[in-house]
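Read the structure below first, then the notes.
The values are calculated or read from the model by the stated rules, or taken from the named source; none is laboratory data. Nothing here was measured: the structure is a model prediction, and the numbers come from that model. A quick note on method: Cβ atoms are made from the backbone with ideal geometry, for glycine too, and the neighbour counts reach across all protein chains shown.
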Amino acid sequence: MTSTTSTTSSLGMIKEDIIYSTKTYCSRCTLIDRKGLILNDAQVVSRDNKVYLKSLCVHHPSNYTLICSSLEFFNRMSSYNSIELNKSIKDIEDTIISRISSNSSSAPSPFTPQQSLALELNIFQQGTFLTNDQILSNLQYFQSMYPKNRKFVLKIMAKGTNDIVTINSIVIFIANTLKGYPILLEVTVERLGQIGKLPDSSFLLGKVYPALKYFLKRGDEDLFAKDLNALLQVLSQYNGIQAVITIAVERPFANLSSILHLLRSKNELIRFIILSLERPPKDLYQSLQQRVEKDIQAEKQSQPLPTPEQTSQDIINNNDPYELIQEIERATNQTIASSDFFPINVGSALEPMLSLMGYGSFAIRPNPFCGFGTCLMNTDSHTSRPINRLFNIGKFYKEILPILPQIEEKIGFINGLRLKSIIKSCHYDNVLLPNIFDYFTEKSKADITKRVIDKTQILIIHNNMDIASLDLRRRCNCAINTKTKDNNFVSSCTGCI
């Protein structure tokens, strides 16, 4: 994975390996000097078994941001990348431009919004709700960007309003219009609970799922547990409802032991657990100011500038998801370990299974470093067990990838046999697990399959980018896009840009 191109850094005389070239924003130019959003050349490099995003700004060269404290983990995730890393920077720029401004009826390309798993729509903009005509226009626009056989998840947000009655009625209108598409409703924990108590709640439709994003700080663990239990008590009245819980965490981390124990114990209601490592903009700015002051002082005193290893202790120079994964290992006593995580784009191997089960055809193909996930299985003999300890996910992905284009069209008899053989070969010998293919294809086992799926949780680490850690190569292939006011799209995690 790592490029053979090597350099010797002037900072600490440590050898660097260039993994790939990209573009980024110089945080000092953007946030301190207020020069605007100007893309600079950048590199993702490895040094001392860590991975950094290195800005090559002509005014402030060699600014390093730690993006992974384990080169081994980074390389393992990147080994699942199906996108070539040797594309020119111009190709990347063209990709972004086409992705966020395309409104043509031409055939989908691998890098257009058609490949996004989810689209976001804020129904409350500029102090007012969107009209029905505006909503219909948006929905038609969304559908026009996807092939007829491809679906997407629509996440509805209502930022800036507490009018739950209107929110609920609009969600019902969208659900009745956008038939066959799963819909997430993301509002605050209080508003989700209030909407759940409405006599005509949109959750009664069966295709609208509550999505909570909770900003969790250290010391607020008990408050989170109280809020979550209150919400789940309301949601438990809905038969078969499945919730998506996103917890945004920042350093220093909250006590994840109690948090994860609670979330894992609610497997019948919570389907997705997403942990997103986020850096508050205020903390970023303050950290950058302090970093600049230290650098200026060092220059005045003719002292060497800090090495990347030293600056990575500052918030502005640290956006390391592996640190969060290590915290999860400690919090769960290794019942969930770093080896259990795979890049989310491995989910592309499951696309045919979702189609077989009648869920529809979705594209699960983000950049492999955008998110890492594992399935937590709950059966008669296993409780919240990572699927990788029961089934060889890596082998399954790499063996199914070559035939994926064929089975997207139609599985058929021959491909069905090949798929069944691949699945069987991925079963570990010492694990009692039935052939998953049979459970997906035999109607007689549909009830058993549903019971297993209804208790399976998906744990995801969202590797959040922000304005101070943008890797344009990654941003070209994000899983979630947000609709902007001017009919463009931006990746969800860098929507501020």
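Structure data summary
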{"quantity": "Qualifying helices (runs of 4 or more DSSP H) (wholly inside region 368-452; at least 1 residues being modelled with pLDDT under 80 and in the same structural domain as LEU354 (by the TED database))", "calculated": "404-409, 412-425, 436-441"}
{"quantity": "Boolean, LYS266 is surrounded by 17 or more Cβ atoms within 10 Å (Cβ to Cβ) and among the charged types (D, E, K, R)", "calculated": "yes"}
{"quantity": "Unmet requirement for GLN233, which otherwise passes all of (1) closer than 19 Å to ILE460 by Cβ; (2) surrounded by fewer than 19 Cβ atoms within 10 Å (Cβ to Cβ)", "calculated": "(1)"}
{"quantity": "Yes/no for ILE316 being outside any helix (DSSP H, G or I) and in contact (Cβ under 8 Å) with a residue 12 or more places away in the chain", "calculated": "no"}
{"quantity": "Lone unmet requirement of (1) free of Cβ contacts under 8 Å to residues at least 24 places away in the same chain; (2) closer than 30 Å to PRO352 by Cα for PRO199", "calculated": "(2)"}
{"quantity": "Selection from region 14-39 of residues that are out of contact with any helix residue (DSSP H, G or I) (no Cβ under 8 Å at 6 or more places or on another chain) and polar (S, T, N, Q)", "calculated": "THR30"}
{"quantity": "Conditions (1) modelled with pLDDT of 90 or more; (2) touching a helix residue (DSSP H, G or I) at 6+ places or on another chain (Cβ under 7 Å); (3) part of a helix (DSSP H, G or I); number of the one not met by PRO352", "calculated": "(1)"}
{"quantity": "Counted residues, region 331-347 - those being surrounded by fewer than 21 Cβ atoms within 10 Å (Cβ to Cβ) and touching a residue at least 60 places away in the same chain (Cβ under 8 Å)", "calculated": "3"}
{"quantity": "Residue tally, condition in contact with a Lys or Arg (Cβ under 8 Å, 6 or more places away or on another chain) and assigned to a loop (DSSP other than H, G, I, E, B), over region 12-25", "calculated": "1"}
{"quantity": "The one condition in (1) more than 20 Å from ALA118 (Cα to Cα); (2) in a helix (DSSP H, G or I) that VAL171 fails to fulfil", "calculated": "(1)"}
{"quantity": "Hits in region 195-221 (condition: within 25 Å of LEU260 (Cα to Cα) and not hydrophobic (A, V, I, L, M, F, W, C))", "calculated": "GLY196, TYR209, PRO210, LYS213, TYR214, LYS217, ARG218, GLY219, ASP220, GLU221"}
{"quantity": "Region 236-290 - residue that is in contact with a Phe, Trp or Tyr (Cβ under 8 Å, 6 or more places away or on another chain) and among the polar types (S, T, N, Q) and, of those, farthest from ILE461 (Cα to Cα)", "calculated": "GLN242"}
{"quantity": "Which listed residue is touching a helix residue (DSSP H, G or I) at 6+ places or on another chain (Cβ under 7 Å) and either loosely packed, with under 15 Cβ neighbours inside 10 Å or closer than 20 Å to ALA118 by Cβ (or both), from TYR181, TYR146, TYR141", "calculated": "TYR146"}
{"quantity": "Residue satisfying condition, being under 20 Å from the mean Cα position of the chain (by Cα), at pLDDT 95 or above and not assigned by the TED database to the domain that holds CYS68, within set ILE336, ILE364, ILE344", "calculated": "ILE336"}
{"quantity": "Any hit, region 287-302, residues being buried (at least 16 other Cβ atoms within 10 Å of the Cβ), without any contact (Cβ under 8 Å) to a residue 40 or more places away in the chain, among the polar types (S, T, N, Q) and part of a helix (DSSP H, G or I)", "calculated": "yes"}
{"quantity": "Breaking point among (1) modelled with pLDDT under 95; (2) touching a helix residue (DSSP H, G or I) at 6+ places or on another chain (Cβ under 6 Å), for GLU293", "calculated": "(2)"}
{"quantity": "Cβ-Cβ under 8 Å pairs, at least 6 apart or on other chains, region 138-153 side outside the structural domain of VAL244 (by the TED database) and closer than 10 Å to TYR181 by Cβ, far side aliphatic (A, V, I, L, M) and loosely packed, with under 13 Cβ neighbours inside 10 Å", "calculated": "none"}
{"quantity": "Unmet criterion (only one of (1) assigned by the TED database to the domain that holds ASN63; (2) closer than 21 Å to GLN457 by Cβ) for GLN297", "calculated": "(2)"}
